[in-house]
Amino acid sequence: RPILPTDALSCQLTSRPGRYALVNRKEHQLLLYRMMPKRAIAKLQKGESVVEKFEMVTIFFSDIIGFTSMVGEMTPIQVMKMLNELYTIFDALVEKHGVYKVETIGDAYMVLGGAPDLCPASEGAEKVAKFALAALDAVSNFRREDGTTVLIRIGLASGPVVAGVIGRNMPRYDLFGDTVNFASRMESTSKSMRIQIAEPTYFLLKNAQGNSLFNMSMRLGDDGLPGIQVKGKGRVTTYWIHGMQGEAFQTCFSVASSAEMMARGGSWPASVEPPADVPSISGVTSADVPSIS
């Protein structure tokens, strides 16, 4: 069977009882469950392959705008510290909104809704959309060590995927399929501090069973017509999520625009000054996350 990442660690740390028994069985399991779904771990422990097909899920992609230039101005440890602080906040939001963190690759963050814990497709899309709005809100309040802002762009797409565990050493639970590529295109063609979604995601959110009513609008191309050019897809219809009706996320678009203005050396307009009555992300701030020394 594949060698699970903590197998050797557990053996090593528990080989000297009373001195180095740092990882007990429960902690070992919790660490594994943070790395891949319980169902996948159970199959691996039986020596079985992990291949699962999901008919309709929603995928979130985000990345930091100007990350390459930013890295050129920072030391490696500063980059790691910044990403650790920001994405630990994202991790807390993952748990809050009941979505699944797939992975981080450099500055990219990937989340899944509707799987591996199955739920109705519209519910999965709703969870991911709420996570996306919360992530955008978190970034708008996030500051680097020098006080400057960070800007991201976000893309969501919905459709079928195949999930599985690849490799024997350091195996990972990963996603495959056109939906993954489409979600990545939604992110890369999105704009600063905005959430672009594919048309299937739009209809799932319109049909969500909860009380969530999202403020959404169709995106217009440079020619003023609906749709944008997407590599490998041609012209496709996409939408923006501006926020949720009846909640502070309504100001998301204005705050996002203002954050971009601040990054360019401007200041917050009075109409969107970040007030005390706009709730934070459940008290999670960069001060609450572990630092890298």
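Consider the range 204-231. How many of its residues are modelled with pLDDT of 90 or more and open to solvent by 80 Å² or more (accessible area, probe 1.4 Å)?
Here is the first cut: in the range 204-231, the residues modelled with pLDDT of 90 or more are 204-206, 214-231.
Filter once more, so that each one left must be open to solvent by 80 Å² or more (accessible area, probe 1.4 Å): 206, 218, 220, 222-223, 225, 229, 231.
Summing the residues that are modelled with pLDDT of 90 or more and open to solvent by 80 Å² or more (accessible area, probe 1.4 Å) in the range 204-231 gives 8.
For the range 220-241, what are the residues that are outside any strand (DSSP E or B) and out of contact with any Lys or Arg (no Cβ under 9 Å at 6 or more places or on another chain)? Show your work before the answer.
The initial filter retains those residues of the range 220-241 that are outside any strand (DSSP E or B), namely 221-225, 227, 231-233, 237.
Once the filter is applied, which keeps residues that are outside any strand (DSSP E or B) and out of contact with any Lys or Arg (no Cβ under 9 Å at 6 or more places or on another chain), the range 220-241 yields Asp222, Asp223, Gly224.
Could you tell me which residue of the range 176-190 is farthest from the chain's Cα centre (by Cα), considering only residues that are part of a helix (DSSP H, G or I) and under 13 Å from Val161 (Cβ atoms)?
Asp178
Output the number of residues of the range 156-175 satisfying the condition of being within 18 Å of the chain's Cα centre (by Cα) and open to solvent by 40 Å² or more (accessible area, probe 1.4 Å).
1
Could we say that Gly147 is farther than 24 Å from Gly221 by Cβ and touching a residue at least 12 places away in the same chain (Cβ under 8 Å) here?
no
Considering only residues that are among the polar types (S, T, N, Q) and touching a Lys or Arg at 6+ places or on another chain (Cβ under 8 Å), which ones fall in the range 189-219?
Initially, the range 189-219 is screened for residues among the polar types (S, T, N, Q), giving 189-190, 192, 196, 201, 207, 209, 211-212, 215, 217.
Across the range 189-219, the qualifying residues are Ser190, Ser192, Gln196, Ser212.
Tell me yes or no: at least one residue of the range 75-86 is closer than 23 Å to Gly164 by Cα and crowded, with 16+ Cβ neighbours inside 10 Å.
From the range 75-86, those closer than 23 Å to Gly164 by Cα are none; that's our starting set.
Within the range 75-86 (the criterion being closer than 23 Å to Gly164 by Cα and crowded, with 16+ Cβ neighbours inside 10 Å), the answer is no, since none of the residues qualifies.
Yes or no: the range 245-252 includes at least one residue that is at pLDDT 90 or above and under 21 Å from the mean Cα position of the chain (by Cα).
There is no residue in the range 245-252 that is at pLDDT 90 or above and under 21 Å from the mean Cα position of the chain (by Cα).
Would you say Pro120 is farther than 17 Å from Thr201 by Cβ and surrounded by fewer than 21 Cβ atoms within 10 Å (Cβ to Cβ)? Lay out the reasoning, then the answer.
Details: farther than 17 Å from Thr201 by Cβ: no; surrounded by fewer than 21 Cβ atoms within 10 Å (Cβ to Cβ): yes.
Here the answer is no, as Pro120 does not meet what is asked.
What are the residues in the range 48-64 that are of a type outside the set (Ser, Thr, Tyr), open to solvent by 50 Å² or more (accessible area, probe 1.4 Å) and either under 30 Å from Arg144 (Cβ atoms) or not in a strand (DSSP E or B) (or both), if any? Before you say what the answer is, go through the steps one by one.
Looking only at the range 48-64, we keep the residues that are of a type outside the set (Ser, Thr, Tyr), and these are 48, 50-57, 59-61, 63-64.
Narrowing further to those that are open to solvent by 50 Å² or more (accessible area, probe 1.4 Å): 48, 51, 53, 55-56.
Once the filter is applied, which keeps residues that are of a type outside the set (Ser, Thr, Tyr), open to solvent by 50 Å² or more (accessible area, probe 1.4 Å) and either under 30 Å from Arg144 (Cβ atoms) or not in a strand (DSSP E or B) (or both), the range 48-64 yields only Glu48.
Which residues, counting only those in the range 32-74, are free of Cβ contacts under 8 Å to residues at least 60 places away in the same chain, within 19 Å of Ile166 (Cβ to Cβ) and of a type in the set (Ser, Thr, Tyr)?
Listed by number, the list holds a single entry, Tyr33.
Would you please name the residue that is farthest from Ala208 (Cα to Cα), looking only at residues in the range 142-155 that are at pLDDT 95 or above and open to solvent by 10 Å² or more (accessible area, probe 1.4 Å)?
That would be Leu151.
Take the conditions surrounded by 14 or more Cβ atoms within 10 Å (Cβ to Cβ) and either out of contact with any strand residue (DSSP E or B) (no Cβ under 8 Å at 6 or more places or on another chain) or in contact (Cβ under 8 Å) with a residue 40 or more places away in the chain (or both) and apply them to Arg185. Does it pass?
yes
With respect to the numbered conditions (1) under 21 Å from Asp174 (Cα atoms); (2) surrounded by fewer than 18 Cβ atoms within 10 Å (Cβ to Cβ), which one is the sole condition not fulfilled by Gly114?
Status for Gly114: all satisfied but (2).
Among the numbered conditions (1) outside any helix (DSSP H, G or I); (2) modelled with pLDDT of 95 or more; (3) surrounded by fewer than 18 Cβ atoms within 10 Å (Cβ to Cβ), tell me where Ile197 comes up short.
(3)
Conditions (1) over 12 Å from the mean Cα position of the chain (by Cα); (2) farther than 17 Å from Leu118 by Cβ, marked per residue:
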site	(1), (2)
Arg39	yes, no
Lys46	yes, yes
Val50	yes, no
Glu55	yes, no
Thr58	no, no
Gly72	yes, yes
Met82	yes, yes
Asp91	no, yes
Tyr100	no, no
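The values are calculated or read from the model by the stated rules, or taken from the named source; none is laboratory data. Keep in mind that what you see is a predicted model, and the values were worked out from it rather than measured. Methodologically, a virtual Cβ is constructed for each residue, glycine included, from the backbone with ideal geometry; neighbour enumeration extends over all protein chains shown. These accessible areas exclude ligands, DNA and RNA; they are computed on the full protein's heavy atoms, side chains included. Shrake-Rupley method; radii C 1.70, N 1.55, O 1.52, S 1.80 Å.
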